[in-house]
């Protein structure tokens, strides 16, 4: 029974079954996430194919430097996640906590840089809506590019915020001593989620930022 | 034999503890993580939504008694069919069998104590209720008139009704259905009792597994589509707006990528129910077990490749149309495999025509008509003639009401003794199954003719020559309505006044019948060990498993 407070929930026969179930659950959830972002990527592909020049012109307004820095920040955060999982397997609770905090800090740094970028776009009147103004290429399809830019990176940012919240939850559990070598699937499955969100960015970065670099 | 621990037989209590008596009070229900109680929460919620959705249908059929638009205005009629569709599809049909019978039976049929994630299961119900409340708020505060399909640019630019609120409700309810599907997939993979190999699983489990695959793969695409429509309405990002360079047909692609497979979310579970019922009431192993199980998966996969047949007149490429048409024909193969296998199971079986069997036979006949008329619509040339007519309306009601709802009601009757611990009144139940069958056909068969003759759907007024068939349809709808109210009445009645049910009133096989009715909180006194396939009728009912029963 779960009321006993032990790590084994009452519906499972043993810890191995519980662990396999939570891992499969997260993988299944990630499949749904692939489909969710897949819809966006499909839309992006359609319009990029229809308006290649305008998409490139839009892409050139993005800040490749800030985008690259963010890419590095996220890759580092994936590394800290791997280290957190590794230390959890070894039962080094203090190290687990430290790596989780490092991950959260890196995640927050990513979001801060993203906000700075959004601020720039706001001042440049590149946010789709009544005030949208784009000179150079055909304005209407360019608006589509920025529509996708904000929706795709926005959805990604929402996932980052959720991820940081999940890490806070895992951290709280870990500080109560609930992460042990035998039972640390929380660290693992939130890690899976975090890696997935990173991978989404690995696709977004070239599609949005590097597109304009090639002509 | 192979029981795990030969513990002494549990003492027989005069009033044995079961999941219904395991706790009283509102809190024990609203905070429950017991899959059986959550199934009942869902059962109550979707019944309420069914009545609301039915109410809009009643108003529509009343309007259509006469050719003139005399009862409601055209705008009101638009809202009526939209809200009927939205509520029936997203808040009744999609959750119907998975969230009620599936929630109740998946753990029981595989010999588990609960689903893999009981709290997620409860969360799924709360999300469903939240989505439902938001949608109902939209309904009460003025309604929505886009049709349940939310086609752009009407929904994203022009409609002045509560599109965003309705979309938000559907978005949230979508997550409830994703969580249910995810829970089932993990549970079926990881929680099966010892010895319960995939090849021994009940066909209902195969159907729920296939359904869960469709739910988890399709629903997220609907979610992002809804987000895009809402953003389009709020910020004019232009994705679906031709004035801004966008393409409204892209919306149709994304929408039907979910919404066509959604048809299989509705009907696959019913097929699973029918497989169980046909086996139990012919006292035979289903003919071609492997084919029935495999055809569920085949339908789930092929169902994702046919969405373009909704768009033959949308301006999509003729070649795309040809491919979609061909693939749509292919779905008929696994569907027909099921129908032929059920029919073959009847052969030389000792058929007993109890209520669940009446519903199952009704399903087979009505689903066949619905499926065959679907082939008419999958044919590009014919589709142009009947597109957007009552022929389409009749076709999908044969699948969704004649198929999905018949299966749902059949399943509710079949497992009612297990769920409630009470027998339902057999005579009344048979009578209402008959009333439903007659009422359904009288309502919807004339609509095939109306559509073929050219009556378009979604109009509150029509030409005089269609009057007779419309009166027939409305008359049928009133019979159908009575057929729905009757089970509601006698099933509620049976809770208090009917005879208590034995553990296995049908002498059926399957783990859920090896445990008391209603089941104890943890489903089984001890984990069952399975040594045979689920359907073991020839060798007698009790060999399927060594599960110990009180």
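The values are calculated or read from the model by the stated rules, or taken from the named source; none is laboratory data. No experiment lies behind these values; they were computed from the predicted model shown. So basically every Cβ, Gly included, is an ideal-geometry build from the backbone, and we count neighbours across all protein chains shown.
Is there a residue in the range B:200-207 that is free of Cβ contacts under 8 Å to residues at least 40 places away in the same chain and either crowded, with 23+ Cβ neighbours inside 10 Å or under 25 Å from residue B:291 (Cα atoms) (or both)?
No, that holds for no residue.
Take the residues in the range B:140-164 that are crowded, with 19+ Cβ neighbours inside 10 Å and without any contact (Cβ under 8 Å) to a residue 60 or more places away in the chain; name whichever of them is farthest from the other protein chains (Cβ to nearest Cβ).
Looking at residues that are crowded, with 19+ Cβ neighbours inside 10 Å and without any contact (Cβ under 8 Å) to a residue 60 or more places away in the chain, I get B:162.
In the range A:111-152, how many are more than 14 Å from chain B (Cβ to nearest Cβ), in contact (Cβ under 8 Å) with a residue 24 or more places away in the chain, under 15 Å from residue A:62 (Cβ atoms) and assigned to a helix (DSSP H, G or I)?
The number of residues fulfilling the criteria is 5.
To keep it simple, each residue is scored yes or no on (1) part of a helix (DSSP H, G or I); (2) touching a residue at least 40 places away in the same chain (Cβ under 8 Å).
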residue: B:400; (1), (2): yes, yes
residue: B:417; (1), (2): yes, yes
residue: B:424; (1), (2): no, yes
residue: B:427; (1), (2): yes, no
residue: B:430; (1), (2): yes, yes
residue: B:452; (1), (2): yes, yes
residue: B:465; (1), (2): yes, no
residue: B:468; (1), (2): yes, no
residue: B:475; (1), (2): yes, no
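For the condition away from chain B (no Cβ under 14 Å) and either under 27 Å from residue A:29 (Cβ atoms) or surrounded by fewer than 17 Cβ atoms within 10 Å (Cβ to Cβ) (or both), what is the one hit in A:155, A:175?
Testing whether each residue is away from chain B (no Cβ under 14 Å) and either under 27 Å from residue A:29 (Cβ atoms) or surrounded by fewer than 17 Cβ atoms within 10 Å (Cβ to Cβ) (or both) leaves just A:175.
Out of the residues in the range B:188-200 that are at the interface with chain A (Cβ under 8 Å from one of its Cβ atoms) and in a helix (DSSP H, G or I), state the one that is farthest from residue B:528 (Cα to Cα).
B:189
Identify the single condition in (1) buried (at least 24 other Cβ atoms within 10 Å of the Cβ); (2) at pLDDT below 95 that residue B:107 does not satisfy, given that it satisfies every other one.
It is condition (2) that residue B:107 fails.
Condition check ((1) more than 9 Å from chain A (Cβ to nearest Cβ); (2) closer than 23 Å to residue A:44 by Cβ; (3) out of contact with any strand residue (DSSP E or B) (no Cβ under 8 Å at 6 or more places or on another chain)) across all residues:
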position: B:176; (1), (2), (3): yes, no, yes
position: B:183; (1), (2), (3): no, no, yes
position: B:207; (1), (2), (3): yes, no, yes
position: B:214; (1), (2), (3): yes, no, yes
position: B:255; (1), (2), (3): yes, yes, yes
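In the set B:493, B:513, which member is crowded, with 21+ Cβ neighbours inside 10 Å and in a helix (DSSP H, G or I)?
Result: B:513 is the single residue among B:493, B:513 that is crowded, with 21+ Cβ neighbours inside 10 Å and in a helix (DSSP H, G or I).
Just wondering, is there one or more residues in the range B:220-231 that are within 10 Å of chain A (Cβ to nearest Cβ), farther than 30 Å from residue B:146 by Cβ and touching a residue at least 12 places away in the same chain (Cβ under 8 Å)?
no
Here are some conditions: (1) modelled with pLDDT of 95 or more; (2) buried (at least 24 other Cβ atoms within 10 Å of the Cβ); (3) away from chain A (no Cβ under 14 Å); (4) more than 30 Å from residue B:532 (Cα to Cα). Residue B:172 meets all but one. Which one does it not meet?
In the conditions (1) modelled with pLDDT of 95 or more; (2) buried (at least 24 other Cβ atoms within 10 Å of the Cβ); (3) away from chain A (no Cβ under 14 Å); (4) more than 30 Å from residue B:532 (Cα to Cα), residue B:172 misses (2) alone.
Among the listed residues B:238, B:290, B:272, B:245, identify the single one that is modelled with pLDDT of 95 or more and touching a helix residue (DSSP H, G or I) at 6+ places or on another chain (Cβ under 7 Å).
Among B:238, B:290, B:272, B:245, only B:272 is modelled with pLDDT of 95 or more and touching a helix residue (DSSP H, G or I) at 6+ places or on another chain (Cβ under 7 Å).
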